[in-house]
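What follows is one structure encoded as structure tokens, with my remarks underneath.
The values are calculated or read from the model by the stated rules, or taken from the named source; none is laboratory data. Because the structure is a prediction, the values reported are computed rather than measured. Cβ placement follows ideal geometry from the backbone for every residue including glycine, while neighbour counts extend to all protein chains displayed.
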Amino acid sequence: MVLITLVSSDEQNFPVERELLKQSGTIETLIVNMNLDDEDTDAAAMPIPLPNVKGDVLEKVIQWMEHHKGDPVKEGDNEDNNAEIVVPQWDDDFFKPAMYGSKHLELTVAASYLDIKNLLTLSCKAISNTFKGKTGPQIREEWGVPNEFTPEEEEAIRKENEWSE
Amino acid sequence: MLSSLKKKMLPNRSKKPTLFDLLKKEDDEEKTQAQASISVLPDDLLLMIFDNLSMEERTPLGTTCKRFRELDFELGKRKFDSIYVNWSKKCHHFTGRVAGIDYNIYGGTIEGKVYPHLQATRHNLRFFRKAFAKQLIISFAMKLDKSEAELISSILKTVTFRELGVFFEATNEYDADVIPSLFKHRDLELAKVTLCWKRSFFHDGKRARNLVMKLPPVKKLQIEFEYSDNKFKRFLNKKFGLFNEFATVDGEYVLDDATLQHITSNTNHAVIVGKSKCSAQGILNAFKIVRQSPLEKKLVFFFAPRPIIEEIISMPNLCFDNYDWNHDLIDRSSKSLLAFSEKTGAFCTVSMGKVDENGKMISWNID
């Protein structure tokens, strides 16, 4: 089993099974560019720095990739059928402790940076699920969004929504 | 319309947070285990999140914060009752109307105020992104240049609609580019399309026929080619309305054998009001398409030059029933009817379509 070392922004080393990293478009590209797959390259001696991902987040990402090892990755533009995606129970439990917290947001940003399509899709879906059935002020409160509307603006928008309902 | 203009005055987008900001913020918050702000997510991720929601579920985004409001707007896929596109010398605007509220992008002079010309800005190009409109009504009241045609096409590129109405109120050159671009990548088999070349302007029949030939299969088609080749008549029409356009067979025409065949093959119900230059064989060929059609309801109605109709009626192998000047030919095996009736002027009306057991043309509801 070939191990490849990932180095987080806070310089923690994570030795990861080569196979797992196929899920990350960004790392896959780096592996190819660094010729880490060549037999005469000593992959163990060439760690991959990920200056945009912190150790605790990277740990979660690797945990997620381990669980999803071998999952098929949907290709192409699937923006039209995201509505049908269901977050599996395992992933829901995985996201839940961090939900509404910065960890989950960081995980989402890392999934986007590392180009791990399935993680990004599910993570976004889990966030959007928290919006369902909520009002604007409720979303604000739950997700720490400051209220920037003046009472007049709020009133105007409220009226507009009455129209569109 | 203007009351809702302020809706388009959206706030400047907040700067994309960098991951550095995100991490810094996290450091601060970790101590207290406080909630994070979703505002740290960059636009593309917020758009992905919003895109998972239905139209109704997206409604509260507008009241959450200004950035959400704008992103929701940019995500598009809005549903409108109607989208109107009006392109005249004075002004040009796109208006999306839903439940009595108008959402506009525009340029030119509106209600005395002069605005810059409509440009292909990111905002304008995304305004109707993936929008759905029950009706899309386009009115060209000036000659388009190539760049205007492209702008209109790109703004409407991803709009879907159930009904399309196009009104040519000027001699047009690039309509040939704009309108077919609305047929591309869309399934219009259940749609209704109206093409109207307004009288009182000169219209090139060949250009109109070229456009008709590009029509995809649609459920209902209505064509009005109320052209007048006489300047004085055009003036009178503009001033006083009705003028008999069908007095002579001369002049520009919208229908010939090829367009008739195309329309008959591609529509369930077509009404073509305008001069035609169909041959007897062309009309019989179109009727053959009707007879062979598996549809239970089908109707094609148009005007044909009277000598051509007389030629068909006198064909010895065809047995028309006639009373007064109405001539009916029913093909019982395929429940199809070909009917001519006299019309003042140089043209007769032709109806071809499916009939019920009693030989009556199956009537159509407008919808």
Exercise. If we scan the range B:11-30, do we find a residue that is at pLDDT 80 or above, within 13 Å of chain A (Cβ to nearest Cβ) and not in a strand (DSSP E or B)?
Worked result: no
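Quick one: which of B:Asn317, B:Asn326 is in contact with a Ser or Thr (Cβ under 6 Å, 6 or more places away or on another chain) and outside the structural domain of B:Ala191 (by TED's automatic domain parsing)? Full working, then the answer.
Working: B:Asn317 fails: in contact with a Ser or Thr (Cβ under 6 Å, 6 or more places away or on another chain).
After applying the criteria, what remains is B:Asn326.
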Exercise. Which of the residues spanning the range A:138-153 are surrounded by fewer than 18 Cβ atoms within 10 Å (Cβ to Cβ), facing another protein chain (nearest Cβ under 8 Å) and not in a loop (DSSP other than H, G, I, E, B)?
Worked result: A:Gln138, A:Glu142
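In the range B:284-332, which residues are more than 17 Å from B:Thr267 (Cβ to Cβ) and part of a helix (DSSP H, G or I)? Spell out the reasoning first.
First pass over the range B:284-332, keeping only residues more than 17 Å from B:Thr267 (Cβ to Cβ): B:284, B:304-332.
Passing the criteria: B:Leu284, B:Arg306, B:Pro307, B:Ile308, B:Ile309, B:Glu310, B:Glu311, B:Ile312, B:Ile313, B:Arg332.
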Problem set entry | Meets criteria (crowded, with 16+ Cβ neighbours inside 10 Å and more than 30 Å from the chain's Cα centre (by Cα)) for B:Ile272 | no
Exercise. Do the conditions hold for B:Phe347, that is, is it of a type in the set (Phe, Trp, Tyr) and either in contact with a His (Cβ under 7 Å, 6 or more places away or on another chain) or in the same structural domain as B:Lys198 (by TED's automatic domain parsing) (or both)?
Worked result: no
Exercise. What number of residues within the range B:34-90 satisfy the criterion of being within 8 Å of chain A (Cβ to nearest Cβ), more than 29 Å from the chain's Cα centre (by Cα), without any contact (Cβ under 8 Å) to a residue 40 or more places away in the chain and part of a helix (DSSP H, G or I)?
Worked result: 14
Problem set entry | Subset of the range A:20-62 that is within 21 Å of A:Leu105 (Cα to Cα) and part of a loop (DSSP other than H, G, I, E, B) - its residue that is farthest from the other protein chains (Cβ to nearest Cβ) | A:Ser24
Problem set entry | So B:Glu111, is it modelled with pLDDT of 85 or more and surrounded by fewer than 20 Cβ atoms within 10 Å (Cβ to Cβ) | no
Exercise. Considering the range B:106-149 alone, what residues qualify as being part of a loop (DSSP other than H, G, I, E, B), within 14 Å of B:Trp87 (Cα to Cα) and of a type outside the set (A, V, I, L, M, F, W, C)?
Worked result: B:His117, B:Gln119, B:Lys143, B:Asp145
Exercise. Among the residues of the range B:316-363 satisfying the criterion of being touching a Gly at 6+ places or on another chain (Cβ under 9 Å) and modelled with pLDDT under 80, which is farthest from B:Cys278 (Cα to Cα)?
Worked result: B:Ile362
Problem set entry | Qualifying position, being in contact with a Ser or Thr (Cβ under 9 Å, 6 or more places away or on another chain) and modelled with pLDDT of 85 or more, among B:Ala131, B:Ala170 | B:Ala131
Exercise. How many residues are on the phi > 0 side of the Ramachandran plot and either more than 25 Å from the chain's Cα centre (by Cα) or within 14 Å of chain A (Cβ to nearest Cβ) (or both) if we restrict to the range B:101-113?
Worked result: 2
Exercise. Before we move on, is B:Val98 facing chain A (nearest Cβ under 7 Å) and modelled with pLDDT under 85?
Worked result: yes
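Could you check, for the range B:150-157, whether at least one of its residues is in a loop (DSSP other than H, G, I, E, B) and within 14 Å of chain A (Cβ to nearest Cβ)? Walk me through it before giving the result.
Initial filter on the range B:150-157 (in a loop (DSSP other than H, G, I, E, B)): B:156-157.
Filter once more, keeping what is within 14 Å of chain A (Cβ to nearest Cβ): none.
Within the range B:150-157 (the criterion being in a loop (DSSP other than H, G, I, E, B) and within 14 Å of chain A (Cβ to nearest Cβ)), the answer is no, since none of the residues qualifies.
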Seminar exercise, completed: Of the listed residues (B:Lys130, B:Lys157, B:Lys113), the one being farther than 30 Å from B:Gly251 by Cα and free of Cβ contacts under 8 Å to residues at least 24 places away in the same chain is B:Lys113
